[in-house]
Amino acid sequence: MTRLDPVTDSRSLDERKQLLRISLVFVFSAPFVQNGALYFCLKEGDPLTEHDLMREAINEAKKGLGYVDPNPLVGAVIVKNGCIISRGYHQRYGEFHAERNAILNSPEDVSGAEIYVTLEPCCHSGKTPPCTDIIIQSGIKKVYMGSDDPNPLVAGKGAEILRKNGIEVVTGVLKDECDRLNPVFFHYILNKTPYVVLKYAMTADGKTAAYTGRSKWISNESSRLDVQKLRLWCTGIMTGVETVIKDDPKLTCRLENGRDPVRIICDSNLRIPEDSYIVKTAKSIRTIIACTEKADKKRADMLSSYGAEIVFTPEKDGRTDLVFLMKKLGEMKINSILLEGGSELSFSALKNGIVNRVISYISPKLLGGREAFTPLGGKGFDDPENCPKLSRPYITLIENDIKAEWEVL
Ligand SMILES: NC(=O)c1ccc[n+]([C@@H]2O[C@H](COP(=O)([O-])OP(=O)(O)OC[C@H]3O[C@@H](n4cnc5c(N)ncnc54)[C@H](OP(=O)(O)O)[C@@H]3O)[C@@H](O)[C@H]2O)c1
């Protein structure tokens, strides 16, 4: 198993070994610098495979993290006569795609070359012209692609156009790892609702705070930095009003040059304090407060005057309707949400089937206590047979914390 995570820079042992293998080859294979980038040639008999080259393209793709949203992360490398001659990635939303950048970056003619690209090349004009056009015009003879593009405007048509123009196309190279670059893009384009990541930090005995309510700190500093990267990755961050009342959180991205996610507070009756950091900064950091249709309209107006956007939902079990809210947020172009609990909202989100991925930071501490918080509150599910199930576990060590991730089935 190779750890390739679009969310963070953390790498598995396998991936590190893989990179080491590439760099060993690299040391013995005449590296050279061109246009400020490092290139290397493959000697005859070098063990670099299609997978190695696609991994290089994946690493290119990751450089766009935090800048390409709502577009997918995409990377490409061009190989000619056994050399990687050029690299490219989608750098910023609205700008050129990876394939075009790799072709334009190339210090030499790419005709007869092969290109490795993590996502099926697009064949429609959006903010930039179709990538299939430039690939055909460039004389590239073979395209290796990772993910299929589920965008109905592309979906198989990109590969078909290339083949019709005499270009050999190999599909599904490291597909799983390429797919992992863009779960948000794949989900949103098909469902038009945000991809929701439920995140929590807990002790090894499953507590998110001590019985005293103290929760600083459950996870280590590096794990908390990792969470900041999640905040960069997601368009929105969501929590319940009790967390705002108890902790007065900022819910901002503290990475240097990181953009803040849109803050979404679930607050059925608009109990959020006016002097909370969230309300006081709502003019400068986009803030959405979701309440039920029964909430006081004057209070809604008052919160709007502070800069918050109020979204009214029908009432469900006396609270905001999360399924309705997801549709609404999708319409507002929020394609991904980091759900940073509390336990009440987290349980409700799972119960309502809006969670796509769970990320748990597990620290080597034991808090105990019947009254201490656990990640999921609410009533709980009544039977292990009837509760949400998780799949595709992914485990990484962050110093002495364990980061465990799953997809929700
Ligand atoms: N360890 C971690 O990763 C982590 C992360 C975040 C928070 N926390 C801790 O969690 C504690 C607060 O957790 P909590 O469980 O008491 O509160 P919470 O989940 O933050 O907020 C719950 C409140 O959200 C409102 N809400 C609105 N719509 C809802 C819906 N559809 N379903 C459920 N709730 C909805 C409800 O109040 P209304 O009925 O008034 O709307 C509910 O009481 C804090 O002390 C904080 O430190 C820990």
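Pairs exceeding 27 Å between alpha-carbon atoms, taken from LYS192/LYS297; LYS246/LYS389; LYS199/LYS379; LYS175/LYS403; LYS294/LYS328: LYS192/LYS297; LYS246/LYS389. When you count the other C-beta atoms within 10 angstrom of each residue and take the mean per peptide, 211-220, 273-282 line up highest first as 273-282, 211-220.
Under 20 Å Cα to Cα from LYS327, which aspartates and glutamates show up? Leave out anything in the same chain fewer than 8 places away. In chain and number order, the partners are ASP69, ASP267, GLU293, GLU309, GLU315, ASP317, GLU340. Would you mind classifying the stretch 125-274 by shape? Square roots of the alpha carbon gyration tensor eigenvalues, ordered a ≥ b ≥ c; an a/c under 1.5 is rounded, otherwise it is prolate if a/b is larger than b/c and oblate if not. In terms of gyration-tensor shape, prolate. Highest mean packing first, where packing is the average number of other Cβ atoms within 10 Å per residue, the peptides 50-57, 137-144, 363-370 line up as 50-57, 137-144, 363-370.
Once you reduce the stretch 163-200 and the stretch 287-329 to the center of their Cα atoms, the two points are 32 Å from each other. Looking at the stretch 69-166 alone, DSSP beta bridges between its own residues are antiparallel in about 65 percent of cases. Per-residue 3J(HN,Hα) values for the stretch 142-153, derived from phi via the Karplus relation 6.51 cos²θ - 1.76 cosθ + 1.60 with θ = phi - 60°, read 8, 10, 9, 10, x, 7, 7, 8, x, 4, x, 6 Hz in sequence order (x marks Gly and Pro). The C-alpha atoms of the chain define a longest principal axis, and helix 221-233 lies at about 80 degrees to it. Can you give the angle from 0 to 90° between the axis of helix 50-62 and the longest principal axis of the chain, with both taken from C-alpha atoms, to the nearest 10? Roughly 50 degrees between the two axes.
Here the spin labels are modelled as points 7 Å beyond Cα on the Cα-Cβ line, and at ALA204 and ASN386 they lie 3.5 nm apart.
Taking the DSSP bridge list for the stretch 247-391 and keeping only pairs wholly inside it, about 20 percent are antiparallel. Fraction of C-alpha pairs exceeding 14 angstrom in the stretch 229-303: 58 percent, rounded to a whole number. Listed by chain and number, the lysines whose alpha-carbon sits under 17 Å from that of LYS142, ignoring those within fewer than 8 places in the same chain, are LYS80, LYS157, LYS164.
Put simply, the stretch 196-247 fits an ellipsoid with semi-axes of 20, 16, 10 Å; these come from the alpha carbon gyration tensor as the roots of five times its eigenvalues, largest first. Could you tell me whether the stretch 253-353 comes out rounded, prolate or oblate from its Cα gyration tensor? Rule is a ≥ b ≥ c as square roots of the eigenvalues, rounded for a/c under 1.5, then prolate if a/b exceeds b/c, otherwise oblate. Oblate, since a/c reaches 1.5 and b/c is not below a/b. D by Stokes-Einstein for the chain, Kirkwood Rh over Cα pairs, 25 °C, 0.890 mPa s: 107 µm²/s. Highest mean packing first, where packing is the average number of other Cβ atoms within 10 Å per residue, the peptides 328-335, 161-168 line up as 328-335, 161-168. Ranking ALA155, VAL184, VAL244 by Cα position along the charge dipole of the chain, where only Lys, Arg, Asp and Glu carry charges on their C-beta atoms, puts VAL244 farthest toward the positive end. Taking the convex hull of the alpha carbon positions in the stretch 88-129 and averaging its projected area over all directions gives 3.3 nm².
Does the stretch 353-409 come out rounded, prolate or oblate by the C-alpha gyration tensor, with a ≥ b ≥ c the root eigenvalues, rounded set by a/c under 1.5 and, if not, prolate when a/b is larger than b/c and oblate if not? Because a/c hits 1.5 or more and a/b fails to exceed b/c, the stretch 353-409 counts as oblate.
Measure out, as a whole number of angstrom, how far apart the alpha-carbon centroids of the stretch 61-88 and the stretch 144-158 sit. Rounded to whole Å, the Cα centres lie 16 Å apart.
Taken together, the values in this text are just the output of simple stated rules run on the coordinates, not laboratory data. Every value quoted in this text rests on a predicted model; they were computed, and no experiment measured them. No Cβ is skipped: glycine too gets one built from the backbone with ideal geometry, and neighbour counts run over all protein chains shown.
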